[in-house]
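Read through the structure below, which is laid out as structure tokens, and then see the notes.
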Amino acid sequence: MIVVIKDLYTLKSWEDQDTESLAFHLNNKKIWDNCRDGLPYPYTKGNARFFIKQAQEKTDTVSYTHLTLP
């Protein structure tokens with residue numbers, strides 16, 4: 001797992017516990033409108049679990065990390 005902790009943010013690998021938050025935020029139409037093409041809408045917990053599972057299997061970790069803010 002990758003974790004980079006700074007004063008204003010944390011960059012980390014995707015974990016199963018991120019499912020709820022990912023589904024919640026990508027199910028927001030205003031956020032979804034600003035994301036790359038190909039994301040389903042509405043974005044469900046099942047979509048989030050699938051994405052996280054794929055991200056966990058990748059070795060190119062730079063492409064499969066996310067930023068969290070305090």
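Some notes on this structure:
- Legend: residues 43, 9, sorted from most to least accessible area (1.4 Å probe; ligands, DNA and RNA excluded), read 9, 43.
- When a 1.4 Å probe is rolled over the protein heavy atoms, the share of accessible surface on the stretch 3-43 that falls to carbon and sulfur comes to 54 percent.
- The spacing between the stretch 1-30 and the stretch 37-53, judged by their C-alpha centroids, is 14 Å.
- Residue 37 accessible area, 1.4 Å probe, all protein chains in place, Å² to nearest 10: 150 Å²
- A simple rule links phi to the HN-Hα coupling: the Karplus curve 6.51 cos²θ - 1.76 cosθ + 1.60 with θ = phi - 60°, which for the stretch 20-28 gives 4, 5, 4, 4, 4, 6, 7, 8, 7 Hz, with x for Gly and Pro.
The values are calculated or read from the model by the stated rules, or taken from the named source; none is laboratory data. On a predicted model such as this, the values are computed, not experimentally measured, just so you know. Just the protein is used for accessible areas: all its heavy atoms, side chains included, with ligands, DNA and RNA removed. Shrake-Rupley method; radii C 1.70, N 1.55, O 1.52, S 1.80 Å.
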